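The values are calculated or read from the model by the stated rules, or taken from the named source; none is laboratory data. From a predicted model like this one, the values you see are computed outputs, not experimental measurements. FYI the Cβ positions are ideal-geometry reconstructions off the backbone, even for glycines, and counts take in every protein chain you see.
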Amino acid sequence: MPKIINNLHDEILRKALKHLRSKGCEHFSLRDIAKFCKIGLGTIYNYFPNKQALLTSLMHQYWVDFDNEFNNTEVSQKNIYEKLRIIYKNIEHFTDIFHDIWLNSMDLLENERKCLKGHAAVNMMGNKISDLLEKAEIQKQIKIPEKATTAVLAKFILSNFMVMAHVKILEYEQFETILKTILNK
C-alpha cells in the first residue's frame, strides 16, 4: 500500500531548499530530491515536471514566505530604515542561495510570460518599497525630493540593493547613510 504524506508539495519544497543549501546547485537533481524526501522519482514528477519548475517554485516560495513574515506586526512597528534593512537582508540572502539558479533560469525560460513571472518578486519588492516610502513620508519620517517620485525612488533603492547583494562592494550601512542624506532634507 502506498504511503500517504500530507502536504507533500510543501514537504518537497522544504526538503529541496534544505538540500540546495547544503549541497549546492551542482548536486541538485530531481533524483537527489526524491532520495532526500524518501519518495519515488515519479512522485516528484507529479508535482514538478522538471528541475526548472521545482527551482522556480523554490524561488517563488522564498518570496511568499518573506512577504508573510514582513507583513507581521513586529515588522510594522519598525521605522522606514529598519524595514529597508530587512528587505535588503532578504535580497542578500536570496542572492546567496539562488544567484546561479536565478541567472541560469533567465536563459532557460522559453517564453516571455514565464520570464515576467520570474520577475514577479522584483516587482513585488519594488511595490513594497514604494508603499513604505509613501507611508514614511505621510508619517513625516522622510521627505521625498521634489524632482523624484516614490516609484522612481523605490526602483533606485531596489536596483542598488540587488547590486549590493551581488557585488558586495558597498555595505548596507553606507547605503543607508547616503539614503538618509537624500530623504532627510
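Conditions: (1) surrounded by fewer than 18 Cβ atoms within 10 Å (Cβ to Cβ); (2) closer than 20 Å to Ile33 by Cα; (3) not basic (Lys, Arg). Ile86 meets all but one. Number of the miss?
Ile86 satisfies every listed condition except (2).
What pairs come out if I take residues in region 160-181 that are assigned to a helix (DSSP H, G or I) and pair them with residues that are β-branched (Val, Ile, Thr) and at pLDDT 95 or above whose C-beta lies under 8 Å away, six or more apart or interchain?
Between residues of region 160-181 that are assigned to a helix (DSSP H, G or I) and residues that are β-branched (Val, Ile, Thr) and at pLDDT 95 or above, the close pairs are Leu179/Ile157.
So that you can scan it fast, the table gives a plain yes or no per residue for (1) crowded, with 17+ Cβ neighbours inside 10 Å; (2) of a type in the set (Gly, Ala, Ser); (3) closer than 21 Å to Ala121 by Cβ; (4) in contact (Cβ under 8 Å) with a residue 60 or more places away in the chain:
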position: Ile12; (1), (2), (3), (4): yes, no, yes, no
position: Gly24; (1), (2), (3), (4): no, yes, no, no
position: Asp65; (1), (2), (3), (4): no, no, yes, no
position: Ile97; (1), (2), (3), (4): yes, no, yes, yes
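For region 5-49, enumerate the residues that are under 19 Å from Met59 (Cα atoms) and not in a helix (DSSP H, G or I).
Within region 5-49, Asn7, Gly24, Phe28, Ser29, Phe48, Pro49 qualify.
So, of the residues in region 35-47 that are among the aliphatic types (A, V, I, L, M) and within 18 Å of Asn6 (Cβ to Cβ), which turns out to be surrounded by the most Cβ atoms within 10 Å (Cβ to Cβ)?
Among residues in region 35-47 that are among the aliphatic types (A, V, I, L, M) and within 18 Å of Asn6 (Cβ to Cβ), the one surrounded by the most Cβ atoms within 10 Å (Cβ to Cβ) is Ile44.
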